[in-house]
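The values are calculated or read from the model by the stated rules, or taken from the named source; none is laboratory data. Note that the structure is a prediction, hence the values are computed from the model and not measured. Please note: Cβ atoms are built from the backbone with ideal geometry, for glycine as well, and neighbour counts cover all protein chains shown.
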C-alpha cells in the first residue's frame, strides 16, 4: 500500500514539470479567441469571410513585428471593443461572470456538508 | 385550402382546451376519470396534428397565399426540404411545440392508468395551462396561416444551410426532448398538490425523464453533426448560446434522473426533485425565449420581433410564479430526512453527481445570460466563448469522472469501499497509460495527463464491470462507459487534430513535409435549386497513399446564397475533412484541409449514451 502511494507521488512529480504548454501555434490560438464580427457565432480562425481573412493576416503581421499575445488583444479591443474577444478576461465587468459559478459550487458543497453535520447532532 | 383547414383546426384545438379544463374541474371530486376527458385530449391532439399537416401540405403544394410558405419556401426547393421547411421557421416550429405538448399529455393519460386519479387530472390541468399559453402565442403573435393577397407567384426560398438531411429531422427530435420536459413540470406540480411525491411517483416519472432525455441527446447530436459538416469549420461544439440553451435542460434532466433514483429508494430529497422538475421545463422555456426573441446572435434566430419575446417572457414569469406559489402553499416537507445520510453511500455519491451537474449548469447558464444582462445594465458588449467554458469546466471534470467511476460501486444507506486495492490499481494503470500516451504524442502538459488519466480510469472501471457485475445494472454502466468514451474521443480529437489553411489556384500544389495537396480541376453541375462547383483535389501523403477530395460550393438560386459543402472521408481512426471557399475578386480558392482523429467516436459514443437511456427505459427495476 505504502509503496503504491509512493509510486503515485513519483508519477505526479514526473509529470509536474510539464505544467506549461508550448505555444506551438500562437496565431492559431489568438484567432480562435477572436469573434468574426460579421459572422454568426464563428471565430476568426474558423471563418473564411473577408473580415476573418484580413484579421488573420493582421494577427500574423503583428506577431512577426514582435507583438505579444496580450498586445494584440489590447489593440483589437481598442479598435473593435471587448465584443471581439471570446475570452472575457477578468475585469470589473466580469467579476460576477467568473465568480458566480464558483460561488455556486461552494454553496452546493456547503449544503451537502450541512446534511452530514446535522446528522451528528 | 390546406392552410384554411390548418387554421380552423388550430382554432378548434384551442377551443377544446376549455372543454378539457371544464371537464377536468368537474371531474376533480369524482372517483373515476371521465372518458370524455381522454377523448377530448385525443381530439385536441388530433386537431393540432391536422393543423400541422395542413401547414406541411401548404409547403408541399407551394401555396404562396400562406405568408409562412411564401417567406420560407420556393417552387424549386426539393420536396423533402419543402416538408422540413414547415418547421424550419418561427411560426412552424411553434406549431411543432404545440403538437408535441398535446402529444405528450395524450400519451401521459394513456400510460398513467395505475396512478391516482386526482394526480392525473391535475397534471392534465397544468399541462393545459401551458398549452393554452402556446395557443394564444401562436394565434396572436405568430400564426403560421396568415393570408397574403395578391398571391405571390414565387416564394422567397428556404435558407440553404437548412437544406440538409440532419437538420431536417433535428428540430422534431430535439423538440420531443425539449417540450417533453413539460410533462415533468406539470406532473411535479400535480404531485405537490396531491402530496404524491413518493417512490411510486419517482418510478413513474422516471420513464418520462428518460424519454425526454433520450430525444434531447439525439437532437443535440444531430445538430452537432450538422454543424460539423455544414458550417465548414470542422468543429462540433462551439459553446454558441443556442447550443448552450439545449445543453441546460439536458444537464437538468440528467441531474433529475439521478435524483429520482434516490427518491425511488427513500423518501428524501423530495423538495430537490420538485425544484429540478420545475427548473427543467423553465430552462426549456428560457431557451425558447432567448432564441425566439432575437436577443441572441446565432444561426437559429429566424426572423423575430420584440413582441414575441415579450410574450414568452411574460408567459414564462406566469409559469414560474405559478410553480413558486404551488410549491410554497402545497408542499409538505418530508419528516424523516436528515438522519439518513452516511458519508459513504450511494445517496451521497448521487448528491455529488447533483453537485457537479448543478455547477456545470450554472457555468453554462451564467455564461450564456451574463452578456445579455451586462449589455442591458451597462450597454457594454462582451463575448463569452469557448475559453471561458474550458477554464471553468475542464478542471472540474477530473473529480467528476473519478466519482462517476466509484459512485456506482457504493451501496445504499451505508457502504464500505470493496476492493480498494483494485480501485487503486486501476488508477495506477490509467495513470501509466496516459503518461505513456501523452509523452509519445508530444502534447505534454500536466492537465492533459490528469484529464486523460481520469477518463481512462472511468473507461477501464466500467469496462471491467461489464464482465464482473453480470449485467445487473447494465444501463448505468453502459451510460458511464459511453461517457468516458465520449470524453476520451473529444480529448484525443482535440490533441491530435491538424489543419492546413492555404490559398490555391487550379493546377497549383501545396506542399509540406508530410503531404502534397494538388488542385486538379473544377467542374460545374446544375442541380434542382443550386449550381454546384466541385473542386477536385489529390492529396499525396508521404507514405505513398493518395486521397481524392471533392469539396463543393453551392450557389443557391433563391435566396442567392453561397454555401460550402465539406468533403469528408471517414474511417474508424480519423476523418479527413476538406472545404473550399471562393474569395471575392480573386482567382484562387481558400482551402481548408483538416485531419480529425476519432470524430466518428464522438458521434458513436453520444449515440451510445442515448441508447443506454433506452436500455434503462425498458428495464423493470433499478438495482438494489
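Does residue B:351 count as closer than 22 Å to residue A:98 by Cα and either buried (at least 19 other Cβ atoms within 10 Å of the Cβ) or touching a helix residue (DSSP H, G or I) at 6+ places or on another chain (Cβ under 8 Å) (or both)? Full working, then the answer.
Values: closer than 22 Å to residue A:98 by Cα: no; either buried (at least 19 other Cβ atoms within 10 Å of the Cβ) or touching a helix residue (DSSP H, G or I) at 6+ places or on another chain (Cβ under 8 Å) (or both): yes.
Answer is no for this residue.
I need the full set of residues from region B:574-606 which are part of a strand (DSSP E or B) and within 12 Å of chain A (Cβ to nearest Cβ), in order please. It would help to see each step written out before you state the result.
Within region B:574-606, the subset part of a strand (DSSP E or B) is B:574-582, B:589-597.
Result: B:579, B:580, B:581, B:582, B:589, B:590, B:591, B:592, B:594.
Regarding residue A:54, is this residue exposed (fewer than 12 other Cβ atoms within 10 Å of the Cβ), modelled with pLDDT of 85 or more and either facing chain B (nearest Cβ under 10 Å) or in a helix (DSSP H, G or I) (or both)?
Numbers: exposed (fewer than 12 other Cβ atoms within 10 Å of the Cβ): yes; modelled with pLDDT of 85 or more: yes; either facing chain B (nearest Cβ under 10 Å) or in a helix (DSSP H, G or I) (or both): yes.
Against the criterion (exposed (fewer than 12 other Cβ atoms within 10 Å of the Cβ), modelled with pLDDT of 85 or more and either facing chain B (nearest Cβ under 10 Å) or in a helix (DSSP H, G or I) (or both)), residue A:54 qualifies.
Quick check on residue B:467: is it out of contact with any strand residue (DSSP E or B) (no Cβ under 9 Å at 6 or more places or on another chain), surrounded by fewer than 16 Cβ atoms within 10 Å (Cβ to Cβ) and outside any strand (DSSP E or B)?
For residue B:467, the condition - out of contact with any strand residue (DSSP E or B) (no Cβ under 9 Å at 6 or more places or on another chain), surrounded by fewer than 16 Cβ atoms within 10 Å (Cβ to Cβ) and outside any strand (DSSP E or B) - is met.
Quick one: is residue B:298 within 11 Å of chain A (Cβ to nearest Cβ), surrounded by fewer than 22 Cβ atoms within 10 Å (Cβ to Cβ), at pLDDT below 95 and under 30 Å from residue B:383 (Cβ atoms)? Outline the logic, then answer.
On the way: within 11 Å of chain A (Cβ to nearest Cβ): yes; surrounded by fewer than 22 Cβ atoms within 10 Å (Cβ to Cβ): yes; at pLDDT below 95: yes; under 30 Å from residue B:383 (Cβ atoms): yes.
Considered against the rule, which asks whether it is within 11 Å of chain A (Cβ to nearest Cβ), surrounded by fewer than 22 Cβ atoms within 10 Å (Cβ to Cβ), at pLDDT below 95 and under 30 Å from residue B:383 (Cβ atoms), residue B:298 comes out as yes.
In region B:423-432, is there at least one residue being within 28 Å of residue A:36 (Cβ to Cβ), within 8 Å of chain A (Cβ to nearest Cβ) and at pLDDT 85 or above? Walk me through how you get there before you give the answer.
Initially, region B:423-432 is screened for residues within 28 Å of residue A:36 (Cβ to Cβ), giving none.
No, region B:423-432 has no match at all.
Please enumerate the residues belonging to region B:139-155 that are touching a helix residue (DSSP H, G or I) at 6+ places or on another chain (Cβ under 7 Å) and closer than 23 Å to residue B:289 by Cβ.
Within region B:139-155, B:139, B:141, B:142, B:143, B:144, B:146 meet the criteria.
Picking from B:73, B:93, B:58, which residue would you name as being surrounded by 20 or more Cβ atoms within 10 Å (Cβ to Cβ) and in contact with a strand residue (DSSP E or B) (Cβ under 8 Å, 6 or more places away or on another chain)? Spell out the reasoning first.
Details: B:73 fails: in contact with a strand residue (DSSP E or B) (Cβ under 8 Å, 6 or more places away or on another chain); B:93 fails: in contact with a strand residue (DSSP E or B) (Cβ under 8 Å, 6 or more places away or on another chain).
Of B:73, B:93, B:58, the one residue that is surrounded by 20 or more Cβ atoms within 10 Å (Cβ to Cβ) and in contact with a strand residue (DSSP E or B) (Cβ under 8 Å, 6 or more places away or on another chain) is B:58.
Can you name the residue in region B:339-382 that is within 30 Å of residue A:93 (Cα to Cα) and not in a helix (DSSP H, G or I) and, of all such residues, is farthest from the other protein chains (Cβ to nearest Cβ)? Please lay out each step first, then the result.
Filtering region B:339-382 down to residues within 30 Å of residue A:93 (Cα to Cα) leaves B:354-382.
Narrowing the set further to residues that are not in a helix (DSSP H, G or I) leaves B:379-382.
Working: B:379: 11, B:380: 6, B:381: 4, B:382: 5 Å.
Among residues in region B:339-382 that are within 30 Å of residue A:93 (Cα to Cα) and not in a helix (DSSP H, G or I), the one farthest from the other protein chains (Cβ to nearest Cβ) is B:379.
Does residue A:83 satisfy the criteria of being in the same structural domain as residue A:32 (by TED's automatic domain parsing) and within 19 Å of residue B:390 (Cα to Cα)?
Numbers: in the same structural domain as residue A:32 (by TED's automatic domain parsing): yes; within 19 Å of residue B:390 (Cα to Cα): yes.
Answer is yes for this residue.
Out of B:489, B:430, which single residue is out of contact with any strand residue (DSSP E or B) (no Cβ under 9 Å at 6 or more places or on another chain) and not assigned by TED's automatic domain parsing to the domain that holds residue B:575?
Just one listed residue meets the conditions, B:430.
Here is a yes/no grid of residues against (1) outside any helix (DSSP H, G or I); (2) touching a residue at least 60 places away in the same chain (Cβ under 8 Å); (3) at positive phi; (4) under 27 Å from the mean Cα position of the chain (by Cα):
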site: B:398; (1), (2), (3), (4): no, no, no, yes
site: B:402; (1), (2), (3), (4): no, no, no, yes
site: B:421; (1), (2), (3), (4): no, no, no, no
site: B:434; (1), (2), (3), (4): no, no, no, no
site: B:437; (1), (2), (3), (4): no, no, no, no
site: B:454; (1), (2), (3), (4): no, no, no, yes
site: B:458; (1), (2), (3), (4): no, no, no, yes
site: B:476; (1), (2), (3), (4): no, yes, no, yes
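If residue B:407 satisfies every condition in (1) farther than 30 Å from residue A:95 by Cβ; (2) within 12 Å of chain A (Cβ to nearest Cβ); (3) touching a residue at least 12 places away in the same chain (Cβ under 8 Å) but one, which is the exception?
Failing condition for residue B:407: (2).
Exactly one condition in (1) surrounded by 22 or more Cβ atoms within 10 Å (Cβ to Cβ); (2) modelled with pLDDT of 90 or more; (3) over 15 Å from the mean Cα position of the chain (by Cα) is not met by residue B:194; state its number.
For residue B:194, the failing item is (1).
Find the residue count for region B:383-396, including only residues that are part of a helix (DSSP H, G or I), over 27 Å from residue B:479 (Cα atoms) and touching a helix residue (DSSP H, G or I) at 6+ places or on another chain (Cβ under 7 Å). Can you show your working first?
Kept after step one, since they are part of a helix (DSSP H, G or I), are these residues of region B:383-396: B:386-396.
Restricting the remaining residues to those that are over 27 Å from residue B:479 (Cα atoms) gives B:387-388.
Filter again for touching a helix residue (DSSP H, G or I) at 6+ places or on another chain (Cβ under 7 Å), leaving B:388.
Going through region B:383-396 one residue at a time, the tally reaches 1.
Out of the residues in region A:81-99 meeting the condition of being outside any loop (DSSP other than H, G, I, E, B) and either touching a strand residue (DSSP E or B) at 6+ places or on another chain (Cβ under 6 Å) or more than 10 Å from chain B (Cβ to nearest Cβ) (or both), tell me which one is surrounded by the fewest Cβ atoms within 10 Å (Cβ to Cβ). Before the answer, list the steps.
So the first thing to find is which residues in region A:81-99 are outside any loop (DSSP other than H, G, I, E, B), and the list is A:82-85, A:95-99.
Going one step further and asking which of them are either touching a strand residue (DSSP E or B) at 6+ places or on another chain (Cβ under 6 Å) or more than 10 Å from chain B (Cβ to nearest Cβ) (or both), we end up with A:84, A:95.
Details: A:84: 20, A:95: 10.
My answer is A:95.
Of the residues that make up region B:234-247, is at least one within 16 Å of residue B:596 (Cα to Cα), buried (at least 23 other Cβ atoms within 10 Å of the Cβ) and touching a strand residue (DSSP E or B) at 6+ places or on another chain (Cβ under 6 Å)?
Yes, there is a match, as at least one residue in region B:234-247 is within 16 Å of residue B:596 (Cα to Cα), buried (at least 23 other Cβ atoms within 10 Å of the Cβ) and touching a strand residue (DSSP E or B) at 6+ places or on another chain (Cβ under 6 Å).
Could you count how many residues in region A:100-121 are exposed (fewer than 15 other Cβ atoms within 10 Å of the Cβ) and facing chain B (nearest Cβ under 7 Å)?
Here is the first cut: in region A:100-121, the ones exposed (fewer than 15 other Cβ atoms within 10 Å of the Cβ) are A:102-103, A:106-107, A:109-111, A:113-114, A:116-121.
Those still in the list that are facing chain B (nearest Cβ under 7 Å) too: A:109, A:116, A:118-119.
Residues flagged as exposed (fewer than 15 other Cβ atoms within 10 Å of the Cβ) and facing chain B (nearest Cβ under 7 Å) within region A:100-121 amount to 4.
Select, from A:67, A:78, the only residue that is more than 8 Å from chain B (Cβ to nearest Cβ), assigned to a loop (DSSP other than H, G, I, E, B) and modelled with pLDDT of 85 or more. Don't jump to the end; show me each part of the working.
Details: A:78 fails: assigned to a loop (DSSP other than H, G, I, E, B).
Answer to the check: A:67.
State the number of residues belonging to region B:536-573 that are over 26 Å from the mean Cα position of the chain (by Cα), within 14 Å of chain A (Cβ to nearest Cβ) and under 22 Å from residue B:518 (Cβ atoms).
Matching residues across region B:536-573 total 2.
Got at least one residue in region B:119-142 being under 27 Å from residue B:311 (Cβ atoms), surrounded by 21 or more Cβ atoms within 10 Å (Cβ to Cβ) and touching a strand residue (DSSP E or B) at 6+ places or on another chain (Cβ under 8 Å)?
No, that holds for no residue.
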